[in-house]
Amino acid sequence: MKETVLSGIRATGNLHLGNYYGALSKFVRMQDDYDSLFFIADLHALTTHPDPKTLHSNVKNILAEYLAAGIDPDKATIFVQSDVPEVSELYLLLNMHVGIGELMRTASFKDKARKQLGIKVDAAEGDIEREIIGTNSNKRVNAGLLTYPTLMAVDILIQKAHKVPVGKDQEQHLELTRRFARRFNSYYGVDLFPEPENFNFGDHAVKVPGLDGSGKMGKSEGNCIYLIDDEKTLRKKVMRAVTDEGPKEPNQPVSEPVNNLLTLMELTSAPEVVQHYRDAYANCSIRYGDLKKQLAEDILKVTLPIRERILDIQNDDALLARVTRQGAERARERAAKTLAEVREIMGIRKFY
């Protein structure tokens, strides 16, 4: 029997090169060897109060991008999170076993709360907590943001997933999922939920850098190459990427901005091309214009075929409807079974 792998991406915008190398390309590898479920997390996206039309458009775009990247709906279950209402009910039930303190201590919650409340990053934890629970501020942190880890745990536990590929920023949430599973099993004396583990094929986690000289590629950072970018847009982005003034002496350490570009090159270019530019940096002969032109060409070889498929799929409403209907049926069948077990265990039973 195949182990179950599950992962999802929030419906907050188009997918980028980081999503492709960090997630989508791995999803394609997983679907042949595992019982794979991949979803679009539209409920998670509600924490940022998206425009309704934009939210629906984002779901459609990501669905098309999943398919264009090579995820096969006949091999994997592809579904939209909100198409499985059992998730929302188990979210309520599991929250009865989750402490406010452990949710408030998560790094992602504190970081997002700081941003929403406009608190300085170096503010004391007590100051942050007072702002969060205070009543005099016009700004507020919504409860959905606080209980985000519970919803993520439910996504995983309701499908009884064994493996969940997550990045470093989500490892704490996955550990909370394991904790919630242990707590529920222990409290009721059952062996219902498996404790999921991170999964990356034994490879090192891929960190795809952005074009702004520091940090990873991210939608909120404005440093992305999107899978849907046309040729002109992509070339312009790469040519504007941050570099440095150039090496001043042979064999000096490569600066972070240039190393970011070389890292992107390692993902998309031939090894000998990467080595050529690393050698050129080492001997002070590197020309950043040439490097960027080469990088743009190699990225386009990856993204343009995907872009063409995305555009075709976006216009195929029948295909999108079939995939989501099929995925919802599969995901709901499994989720309904788990939810029925939870209700019975917790004593929530009907008299009719």
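The values are calculated or read from the model by the stated rules, or taken from the named source; none is laboratory data. What you are looking at is a predicted structure, and each value in this text was computed from that prediction instead of being measured. Cβ: placed from backbone, ideal geometry, glycine included. Neighbour counts: every protein chain shown. Note: accessible area is taken over every heavy atom of the protein model, side chains too, but ligands, DNA and RNA are not part of it. Shrake-Rupley method; radii C 1.70, N 1.55, O 1.52, S 1.80 Å.
Values computed for the structure shown
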{"read-out": "Where a residue in the stretch 282-302 is farther than 27 Å from P250 by Cβ and its partner, wherever it lies, is of a type outside the set (A, V, I, L, M, F, W, C) and surrounded by fewer than 19 Cβ atoms within 10 Å (Cβ to Cβ), with Cβ under 7 Å and at least six apart", "value": "A296/R235; L300/E231"}
{"read-out": "Within the stretch 10-23, tally of residues that are among the aliphatic types (A, V, I, L, M) and surrounded by fewer than 22 Cβ atoms within 10 Å (Cβ to Cβ)", "value": "1"}
{"read-out": "Subset of the stretch 75-101 that is of a type in the set (V, I, T) and under 20 Å from the mean Cα position of the chain (by Cα) - its residue that is surrounded by the most Cβ atoms within 10 Å (Cβ to Cβ)", "value": "V84"}
{"read-out": "Matching residues in the stretch 255-283 - criterion: being open to solvent by 50 Å² or more (accessible area, probe 1.4 Å) and farther than 22 Å from G22 by Cβ", "value": "E272, Q275, H276, R278, D279, N283"}
{"read-out": "Subset of the stretch 234-274 [outside any helix (DSSP H, G or I), at negative phi and not charged (D, E, K, R)]", "value": "A241, V242, T243, P247, P250, Q252, P253, V254, S255, S269, A270"}
{"read-out": "Considering residues of the stretch 292-324 that are among the basic types (K, R) and over 23 Å from the mean Cα position of the chain (by Cα) only, the residue farthest from A241 (Cα to Cα)", "value": "R322"}
{"read-out": "Residues of the stretch 33-48 satisfying the condition of being of a type outside the set (A, V, I, L, M), open to solvent by 40 Å² or more (accessible area, probe 1.4 Å) and within 17 Å of the chain's Cα centre (by Cα)", "value": "T48"}
{"read-out": "Flag if L211 is open to solvent by 10 Å² or more (accessible area, probe 1.4 Å), in contact with a Cys (Cβ under 8 Å, 6 or more places away or on another chain) and closer than 30 Å to I225 by Cα", "value": "yes"}
{"read-out": "Matching residues, the stretch 338-348, being surrounded by fewer than 13 Cβ atoms within 10 Å (Cβ to Cβ) and part of a helix (DSSP H, G or I)", "value": "A340, E344"}
{"read-out": "In the stretch 311-352, the residues that are in contact with a strand residue (DSSP E or B) (Cβ under 7 Å, 6 or more places away or on another chain) and of a type in the set (A, V, I, L, M)", "value": "V323, A328, A331"}
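Yes or no, residue by residue, for (1) outside any loop (DSSP other than H, G, I, E, B); (2) surrounded by fewer than 19 Cβ atoms within 10 Å (Cβ to Cβ); (3) within 12 Å of the chain's Cα centre (by Cα):
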| residue | (1), (2), (3) |
| --- | --- |
| K2 | no, yes, no |
| Q31 | yes, no, no |
| P50 | no, yes, no |
| L63 | yes, no, no |
| A68 | yes, no, no |
| P73 | no, no, no |
